[in-house]
1. Please list, ordered by first then second residue, the pairs with beta carbon atoms under 7 Å, 6 or more apart or interchain, first in region 86-104 and assigned to a helix (DSSP H, G or I), second hydroxyl-bearing (Ser, Thr, Tyr).
2. Look at residue 133 and say whether it is under 14 Å from the mean Cα position of the chain (by Cα), modelled with pLDDT of 95 or more and open to solvent by less than 60 Å² (accessible area, probe 1.4 Å).
3. Against the condition in a helix (DSSP H, G or I), open to solvent by less than 10 Å² (accessible area, probe 1.4 Å), of a type in the set (Gly, Ala, Ser) and modelled with pLDDT under 95, how does residue 163 come out, does it pass?
4. If you take the residues of region 108-126 that are part of a helix (DSSP H, G or I) and out of contact with any Gly (no Cβ under 8 Å at 6 or more places or on another chain), which of them is surrounded by the fewest Cβ atoms within 10 Å (Cβ to Cβ)?
Amino acid sequence: MHRKLMTLWLLMLSMAVMAQPKPYHGDGIDDVLRFAPVASVFALKACGVEGSSSWKRLLVNTAASMALSAGTTWGLKHIVKEERPDGTDMKSFPSGHAMVAFAGAHILCKEYGRRSVWYPVAGYAVATAVGIDRVRRNRHHWYDVVAGAAIGFLGTEAGYWLGDKITGERSRYSVAVGPQMVAVTIDF
């Protein structure tokens with residue numbers, strides 16, 4: 001009789017625990033994996049795989065893409081103030097992890113997509129895995145991840161447009177990078 005009561009008590013306790021809001025699951029693989037697509041771009045370039053850009057253009061376009069994407073994401077986080085599903089803070093919308101992952105995947109696509117379709121497939125697969133893990137670990141709602149992915153994609157498009165205005169052959173602007181400075185000059 002005691003075993004049946006103990007089993008019933010454990011069953012009821014487990015149901016009560018399962019009904020509670022999902023707790024924060026700690027830091028996961030997505031904290032590192034979000035940087036894999038953009039790191040792949042620079043690793044491929046460093047290993048001599050020819051991409052669409054020179055080092056100068058790649059650095060300027062990547063910096064512009066990430067700055068525009070991150071600025072938009074962090075601005076929205078402070079304006080919208082949506083609570084995370086795990087209740088840890090009010091910065092759920094949009095997903096910064098998804099933004100970084102998808103911006104990097106789109107940079108990988110722009111730089112190496114013409115070389116092989118597998119580069120963008122791998123980049124977007126990793127970015128999608130990051131987004132899925134953010135939802136699975138109860139850090140974001142699915143729409144936070146979709147918004148972060150869209151911001152990363154569109155920020156990269158805007159960053160490449162802006163970067164090409166600075167580094168393009170017909171550009172009036174030029175960028176010089178040295179050990180202690182970055183200089184932008186405008187030809188009139």
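1. Cβ pairs passing all conditions: 96/73; 99/69; 99/73; 103/65; 103/69; 103/156.
2. Numbers: under 14 Å from the mean Cα position of the chain (by Cα): yes; modelled with pLDDT of 95 or more: no; open to solvent by less than 60 Å² (accessible area, probe 1.4 Å): yes.
So residue 133 fails the test.
3. On the way: in a helix (DSSP H, G or I): yes; open to solvent by less than 10 Å² (accessible area, probe 1.4 Å): yes; of a type in the set (Gly, Ala, Ser): yes; modelled with pLDDT under 95: yes.
Spelling it out, residue 163 is indeed in a helix (DSSP H, G or I), open to solvent by less than 10 Å² (accessible area, probe 1.4 Å), of a type in the set (Gly, Ala, Ser) and modelled with pLDDT under 95.
4. Ranking the qualifying residues of region 108-126, first place goes to 118.
The values are calculated or read from the model by the stated rules, or taken from the named source; none is laboratory data. Predicted model only: the values in this text are computed from it and were never measured. A quick note on method: Cβ atoms are made from the backbone with ideal geometry, for glycine too, and the neighbour counts reach across all protein chains shown. Calculation scope for accessible area: heavy atoms of the full protein, side chains included, ligands and nucleic acids excluded. Shrake-Rupley method; radii C 1.70, N 1.55, O 1.52, S 1.80 Å.
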